[in-house]
Every structure is written in structure tokens, then in C-alpha cells.
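Okay, structure first, notes after.
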Amino acid sequence: MKRASALLIASIATGSLAGCAGRGATLPAPPVILNLPDCPAPARPALARIDGALPFDAPANVAAFLERDDVLRLHVRALEDTITCYRRKREK
């Protein structure tokens, strides 16, 4: 039994030394910190209310739909400008 435990301890010590002998400590590359300007994100627009009591094609609802269309088109352009800004940052 003493002989088996001595062989076991010797094999553990040999395996431990052999596993650590070939490798050196390699550190990962440090992160690169870029100070780039923030891209402006547009605020959520307030949309005109649609009156559910009126018919769909009532003059008040048509005017509200046209106003909503204009606001949403401007908002989409602002969102596209933000995406363009992030793409430029990625290229830098």
C-alpha cells in the first residue's frame, strides 16, 4: 500500500510539473479606448391624434394623417443620420 501511494504521489508531481513547464504567461492585448463623439439620437416624436368618432376620411383626420406623415418622415431622416454617424465611427 505504501508503495502504491508513493507511486501515485510521484506520478501526480511529475504530471503537474510537465503540464506547466512548456507554457509562459501570455497576457491578452490591452483594449483600445477611442474617444469618439457621441451620435445624436432623435427623440421620439409626438404624433397628432386621430379622432375615432369621425369617419376615416373626415377633413380633421386627413389633416392629422398628413401631419403624422410629415413628422414620421423627418424622424426617419434623423434616424438614418444617426446610423450614418455610427458607420463613420466604425470606420475610424
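Tabulated results
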read-out: Of all residues making up the stretch 1-17, the number that are β-branched (V, I, T) and at pLDDT 75 or above; value: 2
read-out: A58 of a type in the set (G, A, S), at pLDDT 95 or above and over 30 Å from I33 (Cα atoms); value: yes
read-out: Any hit, the stretch 22-38, residues being of a type in the set (D, E) and modelled with pLDDT of 90 or more; value: no
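Table: residues versus (1) in a loop (DSSP other than H, G, I, E, B); (2) at pLDDT below 90.
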residue	(1), (2)
G19	no, yes
R49	yes, no
L54	yes, no
H75	no, no
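The values are calculated or read from the model by the stated rules, or taken from the named source; none is laboratory data. Owing to the predicted nature of the structure, the values given are computational and were not obtained by experimental measurement.
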